[in-house]
Each structure stands twice: as C-alpha cells, then as structure tokens.
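Asks: One structure is given below, represented as structure tokens, and several questions about it will come after.
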Amino acid sequence: MKEQGNRSFSAGLDRTLVFGILTASLFLFLVMEGMNVDSEVTRSNVDYIGYIDGEGDSDDILLAGHRWYTCNFTFVDWIESVDRAMVKMGYGTTVQELFEFTPSTEELTNLDTSGLVDVKDPLIVLQRGVNLTLTFKIWVHLNWSHDPIVELTPEIWSNGTGLELDSANLLRFEIHGKLEPLTDRIMVIDSLGRQVGTGEAVLSGSVVSVTGISFQYDDISDRFSGLQPVPSEISPIVGYGDIRFNTTFKGSGYLAEVIISELETGTIDLTIDIPEIRDEWLYSLETWTFSIDIDGLGPKIDMIKPAKNQQLGDVEFEWNVTVTDRPVQSGVLVNGSTAQYRVWTRAGNWTDWNDVVEKENARSVFFTGNAIGEPGKDSTMVQFRVKDELGNLNISIEFPVHINVAPVIHISAENIDMELMDNQSLNLDGSEFASDEDGDNLQYEWYLDDSDALSTLKDFRKPLFDVEPGLHTVRIVVFDGFVKVEASFEINVTMAPVEIDERSIIEKFMDDENFYLIVIPVAVLLVFIPMVIIIILISKKSRDRRRDDFIIDEDRSMDRSQAEDTARRILQNMTEAQEAELEMGAEAVIETEGFDFDYDLYEVIGLDQTATEVEIKKKYRKLAAFYHPDTVALNGQISKEDAREHMVKINKVKEVLLDLEVRERYDEYVSDSDFDMDIGDLHDEEDDDLENEWD
C-alpha cells in the first residue's frame, strides 16, 4: 500500500513539472506580448492553478484515513518574495483556516482545531520572473463529519502585503470513507482453539477470540477495490447486548477477546461497530451478526445398573451409566475419554478417581465397569465425573449401592441339649434363631435328623409321640434370597411315665383345647334358633290379625229380603221412562247432584252416617290394604277382578266421605233417597256374590 502511494506521489510530481513548464511558457508568451502594450497597463491580481493527486479518474477523490495526499498551488505572475502563506478550507457554507506557513522559519501552524485534517511538509518554490509553487500534504481522518465536497483556497503575503489571487482552476475534491467489512475473513475461535461457526456452542464463562476483522473502501463503481484504511484510523469494537470489547490490530486484521457470560444456557449475538464514523460510511456493518450458543452444563449422568433400591448378592459388582450432554440444542458431544469413577466404603472411605475405558465422542455414551464394595445397606457408594467437548465437567451424585449381608443364626444355650418327653411337642420360634441386617424376608426350613424338610414356616412345631427316645439333631436352614446359612443342635427325647387319667368325660371335654371352639357355636345356635321361631310366630299372628281387620262387619250387611224391599221402594218412585228403561234391560243409575254411582258408600265401608272422619280413614286404610293387588295375590281369597271393583268403590269413599262439603251433600242425598243399602246389589250380580262372600 505504501509503494502504491509513492507511485501516485511521483506521478503527481511529474504532472506538476510538466504543468510548470507549460505555465512558464505561457508566462514568457505573455511577457513578450506585454512589451507591445502601453507601459501604463499593470496586472491587478495573481492567477493560480490548484491540483491534488487524489483517487479516481480525475484524481479528485480523497479516501479518509487511507494516505497522505499532495496538494499543489501554482501562481503565474511576478512574485518577488513570500512572507507567509495560508490555506483555507471550505465546505458547504463554511470556510475555515486550515494552516499557515512561514517560509523563512519553515514554521507550520495547523489551524484546524477539530482534528479532522492533518497537514505536513509544506514547501514554497519561488522562481522569480516565472512563478511560485506552494506544495503541502493533507490527511483527512475517518472521523470527518462535514460536507464531503471540500474546496481549498490559498492566500499569499509578499513584502507585507496580501496578494489578490484569482483561480483559473479551483482545488476542489470529494472525501470518501465508505467502509465495507470483509466478513469472510472474520473467524471466531473458542477457548479450545476450535473455529466456531455461527449457531454453535461455546463454553460458558470462557474467552472467545474474534479475529480477522478488516475493512475496505467501497463504492458503486468499485474504484477502490482492495484499498483499506490504515489500522490507526479506526478502532472497531465487538460486543453483545450492552457489553463491549475493544480490538487491537494484529497481522492483517483486528482482534477482540470476548468474555462469554457465565450462563448455563443461552444465546448471544456478536456485533461489530466503529465509533465516531458517520453512519453512511459504515456500509452493511450493522447487518453482520454472529450467533453463539452458551453451554455451561456438564453432561447428565444416569446410573442404570445397579438400579435404585436394588440389592446385590456379591461385593464385586458391575455398574452401567449413561452419559448424555445437555442442553440438547447445543449439539455438543460427550467427551468419551474423560469418564472416571470412584468408590466409597464404610471401611476405606473414597478411592482415587479411576479412568473408564475410553469411548467415542457422542451425544449419549454408555459406560460400564466393575467395582468392589462392602456388604451393608449404607456401606457402599459410587460416583462418576465426565466432561463434554467444551470442557464442562459434571460430577454425579453419590449413588448408593446395597450389597447383601448374609443372615446370621444364633443357637442359644437353652436350646443346646434340650430335654423333652415323647408326650410333648418341640416348639421353636425362627425369629429367636435367625436375624438379618438388611431386613430381608427370611425363608426357613426345619429338619429332624436325616428327614426331609418338616416345615418351611418360621415357627416349627413337632409333636414327639412318634420320635424314639434318645438324642436327635434339629437343623435350621435360613435363606434371604441370596445366601443360605444353616445351623444345628441336639435335643434329648425321653419316654414319658404312664399316667392314669381319672377325669370324667365332661372334665376331659372341658380340658380339651378345642372346648371353646365347640361350645361357643353350639351356644349361639341354641339362642338363635328359638329367636327365629318366635319371630316367625309373631309375624304370622300379626298377619292373621291384619287379615281379620279387613273382614267387613256382618251386622252391617243387608240380607236378600232387605235388598228386595229397598228395590221395590225405588221402583215405586221411578217415572214411566225409567221403568221403560229398566224393562229394556238398561241399568238404572241415580244421578243426583253429581253422585253417579249406584251403591251406598257407608255400606261399602261398613259404617253409618254418624261415623267420624278418623273412623272412616281407619276403615278406608284397612279395606284398601285388604283389596290391594299384592294382598290379593298373597292370600288368594278373592279374584283380582273382584278386588279391582272393590278398590274403585273404596276410592270413591275416600273421594266423597273425606271431603267435608261433599260428605254433607252426600248425606243429604242419601236421606232424600231414604235408603241405606248398596243399590248395586240390585243391578250387579258380582256385587251379590261379594255380599254373599262377606256373609
């Protein structure tokens, strides 16, 4: 880049030299022409031409922050001497002094207090009688914040007087500083030295290096391809959220050391920014982001074997664990070469960490191995630790391992050489012989001498009446599901003396151990059976009484002579039409005041008109119960059809006689009719049968 700048500078000087020769020739031509002009004519100003060795086809573009650019002013006139020179800078509507130079002392004063432009190497070349050349170099910084179109104008003082200058060619240029990030050169390196792609995971709390951050100038014509600002011109920063990290230039780009947040899981988006650069010069910089997943969780460790609450039968046991990395979305693998385990026993505490057989890295890895523990429920534990690819370490919980403790048989002194008679029984309680530290359910086997197992129960009872007198061996075998243990002891069986039982049969029966098993059930039966018989008799008597209550009083019933006499009186009161109707076989029905039935309600219930409401209700209930279908079906005394007809009459009793107003009208009606018999008996043969049945 420096050589390219030197070549541009040399080319500029060559063009300046050619331009100077042409200018000198022009000047001589004007002098010669001036000799033919009246000597009274004088020049009123000094002409000058401005030139800059910039970029682009017209050399009129300055790249901010890229290099020093040479500016040249050539003054075409007779200038005897120069006291001082000044250059002003104009942009938009603003004009400000850029620098001042005194040739005699070679003193350069930079008048731009904003720090946007630097000036160096001013040089004035005075060719008396020909021209004057003012040359200097300027540097425009990338923090340029004014109008990009800039114009430089000179001022010259000669012999204490400022010259009036007129430009034939203004020194005008355009400042460019549009930067494009070279994103394809940016790399993210994690703490393990791996290049990380966007969306991949890094270790929580680690330092990530963002390298290769570089920029080039850009425009639509691609005139500045490959041109870059000098490293000191810009100070990019890398960050995420509100956190920022400075960069340093290293090699061919900038480097940032980014500290990742200490999170178990999460995602951050890295961004790049260049402070103090105008927004329009940061081309597509805001679109560059680099997503990183944070993984701060070690692999998940699950012990498969021994299973939880599983009891092992041997101190040497096999274990299996499954190790799975988390979180799932990170895509990080388990480091299969980092698995270790250790064992704790009550007697020896923790062992050192032991390496597990190496496995290939994977999302989930299955490890297996063997260890030696100590018998007991809380006497052995095993623990594991594994890392993932990023270095996240997880130390598992302490997995308890229950190794079986064999049961113990104790033979007490009272059981050794036990003396028994052959009329006794051998009674032994297994819980007094065996104990188990693990609390296992023990299985028992009892043997006598060389016999097969006589019992598999905890309690052993053996009558000795069939055992020969002498020494015998009792053997007990206990099994806890893993181990069988056994022990034996001897008993001495002697013959019992013969005794005469003088007890009576009743005494023997009462002394028998099954006495209460027989007496209690018999006593219960002796009490229960009479009670059942009494209940049945009472029930039958009650049922007979209820049946008797429904029998209608015979004294209230009419005999056939009374019925005929009543019928004769009714016929005498009939009209001719009613007699004709009777002769035609039609049923005579007295319908007066709404009483459209042909039977006496008091006759139905066997009461007279002086009966109280309570007596009527009581009689009604008895008759209703007697003619109820269930009662008829039970006693079978009358047919269902007769019972149904009687129920109609009984319900009419309830409807009329239990309503006070209706009963009064009915009593009036009965008195006017002057009868107290069942009219239906004259017209309905079934009612005659019912009356006979009551009789």
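Asks: Which entries in the list Lys250/Lys387; Lys137/Lys250; Lys540/Lys649; Lys540/Lys619; Lys305/Lys458 go over 24 Å, if you measure between the two C-alpha atoms of each?
Replies: From Lys250/Lys387; Lys137/Lys250; Lys540/Lys649; Lys540/Lys619; Lys305/Lys458, over 24 Å: Lys250/Lys387; Lys137/Lys250; Lys540/Lys649; Lys305/Lys458.
Asks: In Å², what does the accessible area per residue of segment 90-228 work out to with a 1.4 Å probe?
Replies: 47
Asks: Where Lys and Arg each count +1 and Asp and Glu each count -1, what net charge lies around Asn361 among other residues with Cβ under 12 Å from its Cβ?
Replies: -2
Asks: Could you put Met86, Met421 in order of accessible surface area, largest first, with the 1.4 Å probe and the full protein assembly present?
Replies: Met421, Met86
Asks: Using 7 Å Cα-to-Cβ label points, what is the Ala611/Ile397 separation (nm, one decimal)?
Replies: About 8.7 nm separates the two model spin labels.
Asks: At a 1.4 Å probe radius, which order do His146, His402 fall into by accessible area, largest first?
Replies: Per-residue accessible area, sorted high to low, gives His146, His402.
Asks: To continue, here is another question. So how much slack lies between Glu641 and Met418, counting 0.36 nm per residue of separation and subtracting their Cα-Cα distance, in nm?
Replies: 71.4 nm is the gain from fully extending Glu641 to Met418.
Asks: Another question, if that's okay. With every protein chain left in place, what is the accessible area of Ile243 in Å² (1.4 Å probe, nearest 10)?
Replies: Roughly 70 Å² of Ile243 is accessible to a 1.4 Å probe.
Asks: Run the quick spin-label model on Asn309 and Arg172: label points 7 Å from Cα toward the beta carbon, then report their separation in nm to one decimal.
Replies: Going by the 7 Å Cα→Cβ label model, 9.3 nm.
Asks: By accessible area of protein heavy atoms, probe 1.4 Å, what ranking do Glu655, Glu155, Glu97 get, highest first?
Replies: Glu655, Glu97, Glu155
Asks: Place a point 7 Å from Cα of Ala406 in the direction of its Cβ. Which residues in segment 315-341 have their backbone N less than 15 Å from it?
Replies: Residues 315-316 fall inside that zone.
Asks: Can you pull out the trypsin sites (Lys or Arg not before Pro) in segment 58-90 that DSSP calls coil and that have at most 15 other Cβ atoms within 10 Å?
Replies: When the trypsin sites (Lys or Arg not before Pro) of segment 58-90 are filtered for loop state and at most 15 Cβ neighbours within 10 Å, nothing remains.
Asks: Same structure, new question: Assuming R0 = 60 Å, can you tell me the calculated FRET efficiency for the pair Asn320 and Phe515, based on Cβ-Cβ distance, to the nearest 0.05?
Replies: Once rounded, the FRET efficiency stands at 0.40.
The values are calculated or read from the model by the stated rules, or taken from the named source; none is laboratory data. Owing to the predicted nature of the structure, the values given are computational and were not obtained by experimental measurement. Using ideal geometry, Cβ is built from the backbone for each residue, glycine included, and neighbour counts are taken over all protein chains shown. Ligands, DNA and RNA are excluded from the accessible area calculation, which covers all protein heavy atoms including side chains. Shrake-Rupley method; radii C 1.70, N 1.55, O 1.52, S 1.80 Å.
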